[in-house]
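**Q** This is the structure I have questions about; it appears just below.
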Amino acid sequence: MRPDDYAAKVARLRGFAAEAGDTTPRLSIGLYAIVGEDEADLARRIEGMRAWLPGAAGDLDAWLEDALVGTVDV
């Protein structure tokens, strides 16, 4: 999950909370993060994960959807 995807989910939650009369919903997050210096470094790190977990290549894609993935510039 990219940071802006997470921000969109938080905004949606806050909208639901406001509709319910709660202006300060509590947020928490538990996730894995993969951060690269740039897009090429990020790609190398993800490929490294694939090499480290060779039997889980398909599962890794699903895992990456729920992880915070990006570069230091994001």
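The values are calculated or read from the model by the stated rules, or taken from the named source; none is laboratory data. From a predicted model like this one, the values you see are computed outputs, not experimental measurements. Cβ sites come from the backbone with ideal geometry, for glycine too, and all protein chains shown count toward neighbours.
**Q** Looking only at region 5-25, filter to residues that are modelled with pLDDT under 90 and surrounded by fewer than 10 Cβ atoms within 10 Å (Cβ to Cβ); which one of those is farthest from A62 (Cα to Cα)?
**A** Residue satisfying both the conditions and the ranking: T23.
**Q** Taking only region 7-57 into account, find how many residues are over 16 Å from A67 (Cα atoms), in contact (Cβ under 8 Å) with a residue 24 or more places away in the chain and assigned to a loop (DSSP other than H, G, I, E, B).
**A** Residues in region 7-57 being over 16 Å from A67 (Cα atoms), in contact (Cβ under 8 Å) with a residue 24 or more places away in the chain and assigned to a loop (DSSP other than H, G, I, E, B): 2 in total.
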